[in-house]
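For reference, the structure is listed below as structure tokens.
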Amino acid sequence: MPDLIAPQTTVLIITLNEAPNLARCLDRLDWARRILVIDSGSTDQTLQIAHQYNNVEVVHRPFDSFADQCNFGLTLIETPWALSLDADYELSSTLVSEINSLRESSIQGYSAPFIYRIHGRVLRGSLYPPRTVLYRVRAARYRNEGHGHRVSVDGPIARLSAPIYHDDRKPLQTWMDSQKRYANAEADHLLAADPSTLSGVDRLRLLAWPAPLLVFLYTLVIKRGLLDGWAGWYYTLQRTIAEALLAVNLIDRRLAPKSFSPDHAARDAPTPGSALDNET
């Protein structure tokens, strides 16, 4: 039917060295007529994996920021709709069915909930919020926010009921290296922002010292990570380490603000990968 959204949708994926993740993402996208991969210099098997799929087109672009990379991708999309995914996302079979049943209406975008996995092990809960992933291209624009990015959609957003699985299986050292960069970028964002524009969570993070302790307790107890065995402890400690790196960064700047040069933010800008929101 011509009013179905799925046939009018191009999938957009940003990549850099996503070989451990990409195939799982692409395997759930065989319904998509075109998948646009914007790669910024992968040196692993990412490109070889991408080229194994007939509906994938790879475009190379040096990375400057997540928002610029995504906005560039949107200029190459000719369909009315885009589905924006990280390479470590895997659509659930129920979500594939749900997307393929959507029809045109006044809705300009759709957000999806997430189920977090650690090396394939499902967690009972996580800190990863729902994200707007499916939207009308002409109504969308990305902006940088801290170490990540957000899409703004001009018009009503509806909520999809079926989930996306988030499961980043890149090496732990890659995650650690990324967190150091993200902490710098996030500190830049928090310190430069008008406090009145920050969310309650970000104002708490700006205080520095409470956030790591609260994240540890919230993830382990409220989100029931304690019941998820080693996977729960792994996730809890990851989130605590990420918040601790940000807290140390903020405290360090307050103790020795002159040690940061004007080009600090550019020097420590994040590089692409599976980075969105505060979960990467």
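What the table below lists for this structure:
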{"item": "Lone unmet requirement of (1) closer than 21 Å to ILE13 by Cβ; (2) open to solvent by less than 20 Å² (accessible area, probe 1.4 Å) for PHE114", "result": "(2)"}
{"item": "Number of the exception - ASP228 against (1) within 22 Å of ASN21 (Cβ to Cβ); (2) open to solvent by less than 80 Å² (accessible area, probe 1.4 Å); (3) at pLDDT 95 or above; (4) not in a helix (DSSP H, G or I)", "result": "(4)"}
{"item": "Scope the range 117-174; condition among the acidic types (Asp, Glu) and touching a helix residue (DSSP H, G or I) at 6+ places or on another chain (Cβ under 6 Å); matching residues", "result": "ASP154"}
{"item": "Single residue of the range 152-169 satisfying the filter (part of a loop (DSSP other than H, G, I, E, B) and open to solvent by 30 Å² or more (accessible area, probe 1.4 Å)) that is nearest to PHE114 (Cα to Cα)", "result": "SER161"}
{"item": "Tally, over the range 177-210, of residues that are in contact (Cβ under 8 Å) with a residue 60 or more places away in the chain and more than 23 Å from GLY125 (Cβ to Cβ)", "result": "9"}
{"item": "Subset of the range 66-91 that is open to solvent by 20 Å² or more (accessible area, probe 1.4 Å) and assigned to a loop (DSSP other than H, G, I, E, B) - its residue that is farthest from THR15 (Cα to Cα)", "result": "PRO80"}
{"item": "Condition met for ALA244 (in a helix (DSSP H, G or I) and at pLDDT below 90)", "result": "no"}
{"item": "Residue check for PRO7: modelled with pLDDT of 95 or more and in a loop (DSSP other than H, G, I, E, B)", "result": "no"}
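Let's see how each residue does on (1) assigned to a helix (DSSP H, G or I); (2) modelled with pLDDT of 95 or more; (3) of a type in the set (Phe, Trp, Tyr):
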{"site": "ASP202", "(1), (2), (3)": "yes, no, no"}
{"site": "VAL215", "(1), (2), (3)": "yes, yes, no"}
{"site": "TRP233", "(1), (2), (3)": "yes, yes, yes"}
{"site": "THR240", "(1), (2), (3)": "yes, yes, no"}
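The values are calculated or read from the model by the stated rules, or taken from the named source; none is laboratory data. None of the values given here were measured: they were computed from a predicted structure. Because the Cβ atoms are built from the backbone with ideal geometry, glycine has one as well, and the counts that use them run over all protein chains shown. Calculation scope for accessible area: heavy atoms of the full protein, side chains included, ligands and nucleic acids excluded. Shrake-Rupley method; radii C 1.70, N 1.55, O 1.52, S 1.80 Å.
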